[in-house]
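Participant: Once you've had a glance at the structure underneath, I'll fire off some questions.
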Amino acid sequence: MKIIIRKATQGDLLDIYRVEKRSYTPQLQATHKVLQYRMETFGIWAAEVNGKIRGFSTCVPVNMSWPHPNLKKVLRNRKPMYIPWFKEYTEGKKLNTLLVTSTAVESEWQGKGIGTALVKNSLRLAKKLGLAYRASALRCQYGKFYKRTGKSIHSYIHEVRSGRIHDRFLGLYLKLGFELGPALLGYEPHKGSMNYNVFAFKKV
């Protein structure tokens, strides 16, 4: 299966919105207007298979403090839909990190390498732009672990890092050389993760 990653055009927007609706619950879906704004501000990267868009990612260069990024700022800018960070980009401020704000793959096309291709593309893009890091907040599968053990999210991250627990999303990023940072509570509502996300980053 050949996956083509390309910068989306205006004519792709309806297909991208269709993928968004098939990938996220209604409360997490970006509106057509928000996706339009992201496309016009920095761009959207589409994953195409056999001429059809099956996934996409949106991102924006931001400024973060390394090696200890301000995760409170990540939480603040998550709502509404990262708009403050996109505005910072348009103002031409000094930026050092490519923050991927969304990666979506149609449910029936997941597990076929599309997500991996999109992540690898974002790493190439960050390097091309001369940015120091690529980062994102990842959904995890903490809920099952908590029900079984009663242990904290920090214990879960440690178990995933050590390889004793396989987490579908976190495992992919670890395989690609990312570091798993601390957890963010309240980043996005999701029962499976008990409303936790894990901040992942990689120096490029």
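Participant: Being free of Cβ contacts under 8 Å to residues at least 12 places away in the same chain and either more than 29 Å from Cys59 (Cα to Cα) or among the basic types (Lys, Arg) (or both) is the filter here, so list the residues in the stretch 132-161 that pass it.
Facilitator: Listed by number, the residues that qualify are Lys147, Arg148, Thr149, Gly150, Lys151, Ser152, Ser155.
Participant: Shifting gears a bit: What are the residues in the stretch 27-81 that are open to solvent by less than 10 Å² (accessible area, probe 1.4 Å), small (Gly, Ala, Ser) and either over 26 Å from Gly111 (Cα atoms) or at pLDDT 95 or above (or both), if any?
Facilitator: Within the stretch 27-81, Gly43, Ala46, Ala47, Gly55, Ser57 meet the criteria.
Participant: Pairs needed: first member in the stretch 107-123, within 15 Å of Met1 (Cβ to Cβ); second member anywhere, among the aromatic types (Phe, Trp, Tyr); C-beta distance under 7 Å; at least 6 residues apart or different chains.
Facilitator: Here the result reads Leu118/Trp45, each pair linking the stretch 107-123 to a residue that is among the aromatic types (Phe, Trp, Tyr).
Participant: Name the pairs whose Cβ atoms lie under 7 Å apart, with the first residue in the stretch 7-22 and part of a helix (DSSP H, G or I), the second open to solvent by 60 Å² or more (accessible area, probe 1.4 Å), and 6 or more positions between them or separate chains?
Facilitator: Cβ pairs passing all conditions: Tyr17/His32; Arg22/Ser107.
Participant: Now a separate question. Within 13 Å of the chain's Cα centre (by Cα), of a type in the set (S, T, N, Q) and in a helix (DSSP H, G or I): is that true of Ser57 in this structure?
Facilitator: Taking the combined requirement at face value, the residue does not satisfy it.
Participant: Something else: Pick out the one residue from Val100, Val119 that is hydrophobic (A, V, I, L, M, F, W, C) and touching a Ser or Thr at 6+ places or on another chain (Cβ under 6 Å).
Facilitator: Going through Val100, Val119 in turn, just one is hydrophobic (A, V, I, L, M, F, W, C) and touching a Ser or Thr at 6+ places or on another chain (Cβ under 6 Å): Val100.
Participant: Tell me, which helices (runs of 4 or more DSSP H) wholly within the stretch 107-204 include 1 or more residues that are surrounded by 14 or more Cβ atoms within 10 Å (Cβ to Cβ) and within 14 Å of the chain's Cα centre (by Cα)?
Facilitator: Correct list: 114-128, 168-175.
Participant: Follow-up. Scan the stretch 96-106 and give yes if some residue there is without any contact (Cβ under 8 Å) to a residue 12 or more places away in the chain and open to solvent by 10 Å² or more (accessible area, probe 1.4 Å), otherwise no.
Facilitator: no
Participant: Which of (1) assigned to a helix (DSSP H, G or I); (2) out of contact with any Leu (no Cβ under 7 Å at 6 or more places or on another chain); (3) over 21 Å from Tyr187 (Cα atoms) is the odd one out, the single condition Gln36 does not satisfy?
Facilitator: With (1) assigned to a helix (DSSP H, G or I); (2) out of contact with any Leu (no Cβ under 7 Å at 6 or more places or on another chain); (3) over 21 Å from Tyr187 (Cα atoms) applied to Gln36, the lone miss is (2).
The values are calculated or read from the model by the stated rules, or taken from the named source; none is laboratory data. This is a predicted model, so every value here is computed, not measured. So basically every Cβ, Gly included, is an ideal-geometry build from the backbone, and we count neighbours across all protein chains shown. Ligands, DNA and RNA are stripped out before the accessible areas are found, and what is left, the full protein with its side chains, is counted by its heavy atoms. Shrake-Rupley method; radii C 1.70, N 1.55, O 1.52, S 1.80 Å.
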